[in-house]
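Values in this text are rule-based calculations from the coordinates and carry no lab data. Small disclaimer: the values here were computed from a predicted structure and weren't measured. Neighbour counts run over all protein chains shown; Cβ positions are idealised from the backbone, glycine included.
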Amino acid sequence: MAAPLLQTQDLSMHFGGVRAVRHVNFSLAEGELRCLIGPNGAGKSTFFKMLTGQLEPTHGQVLFRGKDISHAHAHDIARLGIGIKTQVPSVFDGLSVRENIWLAANRLHAGDKTRRVVDEMLTRVGLTEAADRLVGQLAHGQRQWVELGLVLATDPELILLDEPAAGMTHEEVNKTAELVREINRTKALIVVEHDMQFIRMIAKQVTVFNQGSVLVEDTVDNIMRNPQVRDVYLGKQAAA
Ligand SMILES: Nc1ncnc2c1ncn2[C@@H]1O[C@H](COP(=O)(O)OP(=O)(O)OP(=O)(O)O)[C@@H](O)[C@H]1O
């Protein structure tokens with residue numbers, strides 16, 4: 001069997017007495033799309049931050065293509081091929097869509113190649129017609145797609161998306177699901193999301209976090225039916 005693209009072994013993060021992530025063994029295959037779900041405070045964001053070098057694990061390892069990156073710096077991890085779109089905006093409102101994507105692409109490419117990559121990203125995220133608009137004037141969904149364009153422009157092998165559908169209209173959610181599926185033709189992704197309709201549109205395998213640990217991993221249909229998952233998460237969502 002091929003070696004996994006990403007693996008964590010006994011990965012843990014403690015903040016003082018808070019055990020945010022506990023002994024997580026996780027594995028993602030090349031080209032896989034995995035969704036992570038779980039209640040607030042389950043440790044999903046902390047897990048992401050250890051994969052990108054924003055947090056150094058208290059214990060355990062993160063292996064990317066077999067290389068231990070647990071203690072690597074965030075910029076080195078980005079260079080190795082892990083990109084992230086967080087919930088914190090990283091776009092410049094006073095610049096156009098094209099200029100924002102150009103800044104990201106220019107970190108990796110130069111001259112004509114940068115221009116070609118920018119045009120390709122604009123097409124990929126469906127913003128060619130909005131290319132010259134200021135990002136500050138765009139609708140919420142379009143801003144999120146610019147953020148996706150920024151991540152894609154750095155050409156990562158693995159893309160982490162933290163709640164990409166949050167705050168979107170139904171139509172924007174549909175378009176984002178389509179975009180994520182398209183991105184998954186060439187890239188592996190891990191997607192943290194609370195919107196179960198969105199999960200249904202994109203997911204094959206789902207990992208459920210609860211209290212810092214992996215509760216269960218299964219297909220989306222089995223996860224929706226799983227009484228334990230309903231108990232700790234889905235039931236509470238329905239009641240909210
Ligand atoms: N920097 C920090 N210092 C102390 N505690 C933290 C810190 N970051 C996270 N925590 C705690 O770790 C636990 C896991 O939080 P985390 O944000 O990873 O959960 P989450 O699953 O991403 O939640 P949400 O769905 O609300 O984003 C929580 O109890 C949180 O309060």
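So what's the net charge close to A78: Lys and Arg +1, Asp and Glu -1, counting the other residues with Cβ under 13 Å from its Cβ? List each step's numbers first, then the result.
Values: positive: R79, K85, R107; negative: D76, D155, E157.
Around A78, the surrounding residues sum to 0.
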Open item on the list: Please list 3J(HN,Hα) in residue order for the range 151-156, calculated via the Karplus relation 6.51 cos²θ - 1.76 cosθ + 1.60 where θ = phi - 60°; whole Hz, with x for glycine and proline.
Closed with: 5, 4, 5, 8, 6, x
- [ ] Within the set of other residues whose C-beta is less than 10 Å from the C-beta of A166, count the net charge using Lys and Arg as +1 and Asp and Glu as -1.
- [x] -4
Task: Candidates L150, L36, L108, ranked by Gaussian network fluctuation over the chain, Cα under 10 Å, top entry - done: L108
- [ ] Quote the charge dipole size of the range 89-155 about the Cα centre in Debye, to the nearest 20; the model charges only the Cβ of Lys and Arg (+1) and of Asp and Glu (-1).
- [x] 80 debye
Open item on the list: For the chain, set up a GNM with springs between Cα atoms under 10 Å and report which of G53, G141, G111 has the largest fluctuation.
Closed with: G111
Open item on the list: For the range 123-183 and the range 35-89, what is the centre-to-centre distance using only Cα atoms, to the nearest Å?
Closed with: 21 Å
Task: Among P89, P39, P156: highest mean-square fluctuation, GNM of the chain, C-alpha pairs under 10 Å - done: P89
- [ ] Step through the table entries K44/K204; K85/K187; K49/K113; K175/K204; K49/K85, compare each Cα-Cα distance with 21 Å, and write down the pairs that go over it.
- [x] K49/K113
Task: DSSP beta bridge pairing in the chain, given as percent antiparallel to the nearest 5 - done: 55 percent
- [ ] Compute the Cα gyration tensor for the range 109-164, then decide on rounded, prolate or oblate, letting a ≥ b ≥ c be the square roots of its eigenvalues: rounded whenever a/c is under 1.5, prolate when a/b is larger than b/c in the other cases, and oblate in all that remain.
- [x] oblate
- [ ] Counting helices only, and only those DSSP H runs with n ≥ 4, report the 222 nm mean residue ellipticity of the chain as the sum of -39,500 (n - 2.57) divided by its residues, in deg cm²/dmol to the nearest 500.
- [x] -10000 deg cm²/dmol
Open item on the list: Compute, for the chain, the length of the dipole vector about the Cα centre, with Cβ point charges of +1 (Lys, Arg) and -1 (Asp, Glu) only. Units Debye, rounded to 20.
Closed with: 220 debye
TODO: Taking H placed 1.01 Å from N in the peptide plane, check which residues at least 5 places from A29 or on another chain put their amide H under 5 Å from its amide H.
DONE: L5
